[in-house]
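Undergrad: My questions all concern the structure below.
The values are calculated or read from the model by the stated rules, or taken from the named source; none is laboratory data. This one's a predicted model, so the numbers in the text were calculated from it and none came from an experiment. Methodologically, a virtual Cβ is constructed for each residue, glycine included, from the backbone with ideal geometry; neighbour enumeration extends over all protein chains shown. Surface areas here come from the heavy atoms of the whole protein model, side chains and all, with no ligands, DNA or RNA. Shrake-Rupley method; radii C 1.70, N 1.55, O 1.52, S 1.80 Å.
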Amino acid sequence: MRVDPQQLKAFLLDAGLINRGEFDLALKQAEASHQKIGDVLISKGLISQGELIKLEAYILGIPFVDLEKEKIDPKVLKIIPEPIARSNNIVAFRKKGQQLEVAMLDPEDLRTIEFIKKTTPLKILPRLTTQESIKNVLHQYQQTLEAEFGEIIKKESGVIAPVKEEEAVEEKAELQKMAEELPIIRIVETLIKHAILQRASDIHIEPTEKEVVVRYRIDGILRDAMTLPKISAPGIVARVKVLSSLKLDEHRLPQDGRFKIETEDYKYSIRVSVLPVFDGEKIVMRLLSETSKAYTLEAIGLRGEALEKVQDNLRKPVGMILVTGPTGCGKTTTLYAMMEILNVPGVNISTVEDPVEYRMPRINQTQVNSKIGLTFASGLRALVRQDPDILMVGEIRDNETAGLAINAALTGHLVLSTLHTNTSAGALPRLIDMKAEPFLISSTLNCILAQRLVRKLCEDKEKYYLKDSEIKNLAQYCDLNRILEILREEGLAKPKQPFNKITFYRAKSAKESPGGYKGRIGIFEVLLVTETIKDLIVKQATSDQVQAQAQKEGMRTMIEDGFIKAAQGVTSIEEVLRVIVE
C-alpha cells in the first residue's frame, strides 16, 4: 500500500490528529531510519494504528472493515487456507453470491490476490483492515479445526466407542473394525491435512486422563493444535497402526512404522512412532515431503569461509565429511545439499538411509530395514561392492558402522555421514568411544560440520540496541570481544563501535506467523582437520582442546555464526541462545 506522505500530512492536519511540526519531525526520522512514516507516527504515539489504517483506506478509496464486528462463517474462512492467510495477512470474511470479500493489510498486494483467484472461481473484493483484526481472525482457524472434528465425532458417534476390558479376546477384531470406520478415517486424514497446511514437521497425539491433546511442531516449536475427546483415542491409534502395518493388539511395547499419502498437491512419507504411556499410547508422526526441492548449501545458511571450507572438501576424491548435531537439526538436509553438488554423470553415488527422506535422480538410495537385517552396517558393506565413488551413510550409530565408514574412506571413497554430538570437536571422542583407532580417524577425516536450526524473523521486524544488562548476561555464554571483532570483519560493526551501538533485530508481537518467525535456517561451525588437529586426535586430546585449537586456526563457532545472522536481521539473539545454550 502506497500513500504519499504529503497527502497523508494534509489529511492528518485536516482531521486535527497531528500538528505540522510533529509530522515534519516524524518524516525526517522515517527517512533517516528507512521506515514508513506511518510506523514512526504510531511508535511516537501520535496516532493509533486504527486511525492510520482508516485514513489510508479513505485516501486510497478502499473500504475499511472492522473484523471484530464481523461474524465469519467457518466455510467462508476456510476458502483461504490458514498458511496462506498467515503468510500474506489476508482472510476471507464475507461471501455474497459469487463475490468474496477479503480483508488485507495491503490491498495493492496483487500477487496474493492473483494467487487466491486461481484457487476459487469467486470474484475477489479487497478490503482494508488492521493487523490486530487479522490476528484475531487467525485464531478462528483453530476453532474451525475443532468444529470440523466436532462434526466428525458427532456423526455416527456410536462407532467411536472404547474397547471394554471384558472384550479383550475380540480386541484385535474390534480395533480393526474401528480403524476402518469413516469417522475415524476422517479424523486422522484431517489431522494430517491441517499439519501439512501449517508446515508442521511432526504431529504429536498425546492421551491424557480425560482427553487427547494434538500438537504440531512448526519451525521447531511445539504448538497446541486442538483437543479431542478421550473416547476417540483407541480408534485413532488403531487407524494409525493399520496405515503403518503395525500390530493392533500390542499395547505394551513401542512400535515403529511408516506409510505414504499422496494427493494432487503433495506427496508425503510419514514415519510413525507409537509409545505406551500411562494414559494409553502416544503417537508421533514425522512428515517428510517427497516433493521438496533440493536445497543448496547457501540456502540452508552456509556462508563465507565456512562455505568455502565445505566446498573445498567436497572436491577431494577421498576421505570423510561428518555433519553433527542433535536430532532434528537438519543434518540430513545438509548431506542432500552436498550430494546435489557432487551428483554429476561421472560419479557413482550410493546411500544407505533411515529413512530415505528425499528422492534424488541418478543416486542409488537404499532404505534401512532392521526387520530383515538390512542395517547401516550391512547396507554399507554391500555398497562398497557396488563400485561407488561417493558413499552417504545416514548415521554412524555403532562400532561396526564407524569401522566400515572409516575403511571405506581409507580405500579410495569419499564418505558423507552424520553423528549425534553437540559440537564439531565432540565427534572425535565419540568415534574413539566407538572403538575407532585415533590414527585412522586422523588419516580419513577431512572436516566436521556442526549445526543447529534457528527460526527466521519475518520481514516485519524490529531494530534495537542491546542494553548493558543484556550484554552482561550474554558474556556468560560467549566471548563478546571476539564476536565484536567478527562483526567488524563482516562489515556489521564500525571500527570503534561498541557492542551497545550495534543494530540487532527482534520479532514484533503481532506478525504474519506466530511469534514473528517464519521458516528456519542453519547456523554452523566447520572444523578443518589440519595437521595440528591430526596430532591432537592421535594424542586423544579432549574435545575442548580440539575446539580451542580450531578457533585459533580461524574456525567460527555456531554461536558466532548466529550473532552474524542476528546482526544481519535473519534471526534474533534470543533464538540463537535458545538452540545453543544448554
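Undergrad: Give the lysines whose C-alpha is closer than 21 Å to that of LYS552, dropping any in the same chain fewer than 8 places away, or say none.
TA: LYS309, LYS534, LYS539
Undergrad: Additional query: With the cut-off at 30 Å, tell me which of the pairs LYS371/LYS518; LYS210/LYS456; LYS95/LYS135 have Cα atoms farther apart than that.
TA: Violating the 30 Å limit, Cα to Cα: LYS371/LYS518; LYS210/LYS456.
Undergrad: Taking only protein heavy atoms and a 1.4 Å probe, what accessible area per residue, in Å², does segment 38-150 have with all protein chains in place?
TA: Working: 5580 Å² over 113 residues.
The answer is 49 Å² per residue.
Undergrad: So if R0 is 35 Å, what FRET efficiency would VAL581 and THR119 give, r being the distance between their Cβ atoms, rounded to the nearest 0.05?
TA: Step by step, r from the Cβ atoms, then E = 0.25.
Undergrad: Taking a probe of 1.4 Å, how large is the accessible area per residue of segment 530-569, in Å²? Intermediate values should be presented prior to the final figure.
TA: Values: 1830 Å² over 40 residues.
Each residue of segment 530-569 exposes 46 Å² on average to a 1.4 Å probe.
Undergrad: Let me ask something else about it. Counting Lys +1, Arg +1, Asp -1, Glu -1, what net charge surrounds LYS501 among other residues with beta carbon under 14 Å of its beta carbon?
TA: Value of the local net charge: +3.
Undergrad: Is segment 462-536 best put as rounded, prolate or oblate by its Cα gyration tensor, with a ≥ b ≥ c the root eigenvalues, rounded for a/c under 1.5, and otherwise prolate when a/b is larger than b/c, oblate when not? Present the calculation step by step, with values, prior to reporting the outcome.
TA: Details: a/c = 2.31, a/b = 1.44, b/c = 1.61.
The shape class here is oblate.
Undergrad: Leaving out ligands, DNA and RNA but keeping every protein chain, what accessible area does HIS420 have, in Å² rounded to the nearest 10, with a 1.4 Å probe?
TA: Counting only protein heavy atoms, HIS420 exposes about 80 Å² to solvent.
Undergrad: Count the net charge of all other residues whose Cβ sits under 13 Å from the Cβ of LYS230, scoring Lys and Arg as +1 and Asp and Glu as -1.
TA: Net charge in that neighbourhood comes out at -4.
Undergrad: State the percentage of accessible surface on segment 350-455 attributable to carbon and sulfur atoms; use a 1.4 Å probe and exclude ligands, DNA and RNA. Intermediate results must be reported in sequence, preceding the final value.
TA: Numbers: 1980 of 4220 Å².
With neighbouring chains kept in place, the figure for segment 350-455 is 47 percent.
Undergrad: If you don't mind, another one. Given a 1.4 Å probe, how much area per residue of segment 193-337 is accessible, in Å²?
TA: On the way: 6700 Å² over 145 residues.
I get 46 Å² per residue for segment 193-337.
Undergrad: Another one. Would you mind counting up the charge near GLU470? Only other residues with Cβ under 14 Å from its Cβ, with Lys and Arg at +1 and Asp and Glu at -1.
TA: Local charge sum for GLU470: +2.
Undergrad: Probe radius 1.4 Å, ligands and nucleic acids ignored: give me the carbon and sulfur share of the accessible area of segment 238-332 as a rounded percent.
TA: 50
Undergrad: Would you kindly find the accessible area of ASP224, with a 1.4 Å probe and non-protein molecules such as ligands, DNA and RNA excluded, rounding to the nearest 10 Å²?
TA: Rounded to the nearest 10, that gives 100 Å².
Undergrad: Moving to a separate point now. Once ligands and nucleic acids are excluded and a 1.4 Å probe is used, how much of MET320 is accessible, expressed in Å² to the nearest 10?
TA: Result for MET320: roughly 0 Å² accessible.
Undergrad: Explain nothing, just compute: Karplus ³J(HN,Hα) = 6.51 cos²θ - 1.76 cosθ + 1.60, θ = phi - 60°, for every residue of segment 279-285 in order, whole Hz, x for Gly and Pro.
TA: 9, x, 10, 8, 10, 10, 10
Undergrad: Assuming a ≥ b ≥ c are the square roots of the Cα gyration tensor eigenvalues, decide whether the chain counts as rounded (a/c under 1.5), prolate (otherwise, with a/b larger than b/c) or oblate.
TA: Here the chain falls in the oblate category.
Undergrad: Sort SER370, SER48, SER289, SER417 by accessible area with a 1.4 Å probe, largest first.
TA: Of SER370, SER48, SER289, SER417, the descending order of accessible area is SER370, SER48, SER289, SER417.
Undergrad: Do any trypsin sites (Lys or Arg not before Pro) in segment 465-563 lie in a DSSP loop with no more than 15 other beta carbon atoms within 10 Å, and if so, which?
TA: Numbers: sites: LYS467, LYS472, ARG482, ARG488, LYS496, LYS501, ARG506, LYS508, LYS511, LYS518, ARG520, LYS534, LYS539, LYS552, ARG556; in loops: LYS467, LYS496, LYS508, LYS511, LYS539, ARG556.
Hits after loop and neighbour filter: LYS467, LYS496, LYS508, LYS539.
Undergrad: What percentage of the solvent-accessible surface of segment 1-117, computed with a 1.4 Å probe over protein heavy atoms, is contributed by carbon and sulfur atoms?
TA: Here carbon and sulfur together make up 50 percent of the probe-accessible area.
Undergrad: Let me ask something else. Using alpha carbon centroids, what distance separates segment 1-20 and segment 40-104, in Å?
TA: 22
Undergrad: First measure r as the distance between the Cβ atoms of LEU25 and LYS467, then evaluate 1/(1 + (r/R0)^6) with R0 = 22 Å and state the FRET efficiency to the nearest 0.05.
TA: My answer for the efficiency is 0.30.
Undergrad: Would you mind checking which residues have amide H under 5 Å from ARG258's amide H? H placed 1.01 Å from N; only 5 or more apart, or other chain.
TA: VAL272
Undergrad: Residue separation times 0.36 nm, minus the C-alpha to C-alpha distance between ILE221 and LYS44: what's the value?
TA: Between ILE221 and LYS44, full extension yields an extra 60.4 nm.
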